[in-house]
Structure formats: structure tokens, C-alpha cells
């Protein structure tokens, strides 16, 4: 199998690359593309009125975005071997910028959806380029701090999205959500054009069209099916949901089997031969399900049970999300110095404790208590997520870098989609069960209690997941790059 940038001349050139401008170029582009994921959601009520579409139709702006990112993640392993760092990054940012422009001038829903899908294509290519560049550019002993900077962007951008869009929409029309992003996206392209250097050499492996088709149907079907199951369209009783997931699962099985039988696989699953990478994949699935489900469950609790406004619940969740992002560079540096065990094991213990406290929440729980609990949960996740991610990738030989980043990015997308649908389903079931036994199911007080009961059930499952994460964390150890 061909490797990336293995020639002596490439190694010498790589040694002359200034890392900081490259890292800044990546961070600027990633910040605005990831920020865009959560920037539009708060504008949905206004968009329904202006574009004259239903909530289920409008939901495609979010579902379609997640679907494109999920489909592109597996193919990124091939793309980063076919194109240079500059080509990939500039191409991704140009797609995102064109999509932003289309959204800003969209006269109707269909045009806005096309713009969102173009934005998603740019965002979907951004993370794999970033991760692969960090792996190539930084040695393993300095990689934690660099990955921490990426973690800052990944968490900080979506955290401020709803609050920022709320402030913008207070005085400006929804199109300004795109007008204001556009100049920054253009600036990112100009900055990267000047400062971003190539850090890898394209090897142009053979394109396996069948694998691309199977991965698109497989990952796309699963992400779409699970995302659609919670949209109020009948859930899992809707044939569109369960048939899509079933077709996706069959295609995914065929995709996995094919990867072991082709000379140059689209996504080399032999990465799982390395134990720390496998452990990382399992831990990230659990953490991403916990993170995404919490972000989905807590607004229901805050608004449905505690009667808070949308803006107030967003503000309550903002400090924890910001702290999670701000801690990423710190946990990265601590990882470089002390290794993963010093962070991941205490973080997992912390997560178990916090998830248990969430199962004890009542309608009388104060907002201050909820604020502190959310902050503690996000701190625990920051202690686990980037150190685990970095440690797992550190064990891979260089030729597996594109495949490892593609595998982890894909699994995070799938875990996020499954986690949200799974936990909201548990919450809804618990809520329904409580109301079926209630003497007055239409009473506002009883409906609030029912919401709390449903959230309790969901967080109890999350508590069990956290225990599994703790058990897995006990097996983690500092990894070194395996031989080619």
C-alpha cells in the first residue's frame, strides 16, 4: 500500500514548514464552517413563516446537513490521498463560501436547502483535512496541544452558535446569519492561500466505485433513518424510517466485507488491529452519544418541565459548552505531559457521578444547580474526548492516518445521530408511561412531572453508558506509533 509523504525530499520539506500559520489557517476555516451547524436552528420559526413551509419540510435544513457530513466522512480517506492539503482545504472552504452566498440570497426553500448542502459538503471535508494535517505535521509528543486547539474550535463554535444567532435575529433578518459569515469565509480562503502549505504528497490510490456507493447508502441510510425517527412523523413505525435504516445496515455490512477483500480499501478497517485505536473508537461512540443526547435532552427539561424560555435555556447551557471548548488546549497540553490515563480515568469517574446527579433532577431543582451540573458534565467530557482521540490516532502507522481520521469522524456522526434518536425515544416513552398512570394527564403540573420522568429514564441509560466508558478507560495507556 502506498504511503503519504514518505520520500526523503518530502520529509525535508515538511521540516521547513512553519506549523503555526498552518494551524491558524485550519482553525479560522473550521471555526466558521462548524459555527454554521448551529447558527440557523434558532431561526426555524421565522423561516417557516417567510418561506411558507412546514416544520417537517424545514427540518431538512438540519437533517440534510448531517446527512451530507455523514456521507462525506468515509470518502475523506480517499480524497486526502488524491489531493494536496491546500487543494482539500481551499476546495472545502470554497464550497462552504459558495453555499453561504447561495443561502444569503435564497428566494425560496429549495434554493436555501441547496446552499445548506453545499455548506455541509465544505464542513464535512474540513475536519478530516484538519485531523490528517495535525497527524502529519506534529510529532506524537506535541500532538496533544495541537489537537486541543482543534478541540477548542469543535466545541466553542457550535456552543456560541444559538446565542449569537439569537442576538443577530433580535434586530436583523435571518439572511444576516449568512451575510455576516460570508466575509470571514472569504478571509479564511485568502489567509490559507497565503500561509497554508502542503504537508502531504498525494498517492492517488485506485478509486473503488462500489465501496463509495455502499458507504454512501450505508452511512447515509443509518444517519438519515435515525435522524428522521425523532421528527414527529411516526417514529419507528414509519416505513420510511425503518426501511432506510435496514437498507443502510445491509449496505454497511457489504461495505465492511468489501474493505477486507480489495487491495486498496476506501476505509482501511485494519486500523482496528491497533488496540488503542479500537478503544478510542468505542469510547468516542459512548461520549458522542452522551454529548449529543444531552444537548437534545436538556432543552426539553429546561423548557418543557421547568418552564424556561428558549433564550434562557440557551444561556444556561452556554457556560458549560464554552468551558468545554476552552479546556481543550489545556487538556491537550496535560496529555502531552502526563499521558491519557491522568485525564481519561478521572474524567470518566467524574462523568459517572454527574450523570447520576442528572437522574435525581426534579421540577424544584434550581437553575444554579443545573448550571453547575452542566458545567461539570462538559468538563468531564473535555477530559475524555480529545485526549482519547489523540491517543488512539497516535498508535496508527502513518499510512493509516487518512483511514483512522475517516473512521473516527464517521463513527462520531453516526453515534451522534443514533444517540439523539435513542435518548429522545426513551424520554418520550417514559413521559407517555407516566401520563398513562396520571389521574389528570392534561394538567400542566403533571405534564412537567412526566417530562422529568422521561428525562430521568434517558439519563439512567446515560449513567449506564458512563459506567461502560469508565470500565473502558481503565484499559487505556499511552500509545506510540506502530511500525509500518
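The values are calculated or read from the model by the stated rules, or taken from the named source; none is laboratory data. All figures in this text were calculated on a predicted structure; none of them were measured in a lab. Reconstructed Cβ throughout: ideal geometry from the backbone, glycine too, with neighbour counts over all protein chains shown.
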Handout entry: Verdict on residue 90 being under 22 Å from the mean Cα position of the chain (by Cα), under 16 Å from residue 178 (Cα atoms) and part of a helix (DSSP H, G or I)
Key = no
Fill in the blank from the handout: Taking the stretch 50-83 and the residues there that are in a loop (DSSP other than H, G, I, E, B) and in contact (Cβ under 8 Å) with a residue 60 or more places away in the chain, the one that is nearest to residue 36 (Cα to Cα) would be 59
Exercise for the section: Give the residue, chosen from 461, 424, that is modelled with pLDDT under 80 and in a helix (DSSP H, G or I). Expected result: 424
Exercise for the section: May I ask you to verify whether residue 17 is outside any helix (DSSP H, G or I), outside the structural domain of residue 314 (by TED's automatic domain parsing) and modelled with pLDDT of 75 or more? Expected result: no
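Test residue 399 against the stated conditions and say whether it is more than 23 Å from residue 461 (Cβ to Cβ), outside the structural domain of residue 120 (by TED's automatic domain parsing) and surrounded by fewer than 23 Cβ atoms within 10 Å (Cβ to Cβ). Give the derivation first.
On the way: more than 23 Å from residue 461 (Cβ to Cβ): yes; outside the structural domain of residue 120 (by TED's automatic domain parsing): yes; surrounded by fewer than 23 Cβ atoms within 10 Å (Cβ to Cβ): yes.
Answer is yes for this residue.
Okay, residues lined up against (1) in the same structural domain as residue 396 (by TED's automatic domain parsing); (2) surrounded by 20 or more Cβ atoms within 10 Å (Cβ to Cβ); (3) at positive phi:
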position: 241; (1), (2), (3): no, yes, no
position: 246; (1), (2), (3): no, no, no
position: 258; (1), (2), (3): no, no, no
position: 275; (1), (2), (3): yes, no, no
position: 279; (1), (2), (3): yes, yes, no
Practice task
Search the stretch 192-210 for residues being closer than 20 Å to residue 31 by Cβ and assigned to a helix (DSSP H, G or I), and hand back the single one that is modelled with the lowest pLDDT.
Solution key: 195
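Give 479, 433, 429 a once-over and let me know the one that is over 20 Å from residue 308 (Cβ atoms), assigned to a loop (DSSP other than H, G, I, E, B) and in the same structural domain as residue 388 (by TED's automatic domain parsing). Break it down stepwise before answering.
Values: 433 fails: assigned to a loop (DSSP other than H, G, I, E, B); 429 fails: assigned to a loop (DSSP other than H, G, I, E, B).
None of the others qualify; the one that does is 479.
Hey, among 424, 384, which residue is in contact with a helix residue (DSSP H, G or I) (Cβ under 9 Å, 6 or more places away or on another chain), closer than 25 Å to residue 348 by Cα and surrounded by fewer than 22 Cβ atoms within 10 Å (Cβ to Cβ)?
424
Let's see how each residue does on (1) within 20 Å of residue 284 (Cα to Cα); (2) free of Cβ contacts under 8 Å to residues at least 60 places away in the same chain; (3) assigned by TED's automatic domain parsing to the domain that holds residue 295; (4) under 19 Å from the mean Cα position of the chain (by Cα):
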site: 326; (1), (2), (3), (4): yes, no, yes, yes
site: 343; (1), (2), (3), (4): yes, yes, yes, no
site: 350; (1), (2), (3), (4): yes, yes, yes, no
site: 368; (1), (2), (3), (4): no, yes, yes, no
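Condition check ((1) buried (at least 23 other Cβ atoms within 10 Å of the Cβ); (2) within 20 Å of residue 301 (Cα to Cα); (3) without any contact (Cβ under 8 Å) to a residue 24 or more places away in the chain) across all residues:
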| site | (1), (2), (3) |
| --- | --- |
| 410 | yes, no, no |
| 446 | no, yes, yes |
| 449 | no, yes, no |
| 453 | no, yes, yes |
| 474 | no, no, no |
Practice task
Return yes when residue 343 is crowded, with 24+ Cβ neighbours inside 10 Å and not in a loop (DSSP other than H, G, I, E, B) and no when it is not.
Solution key: yes
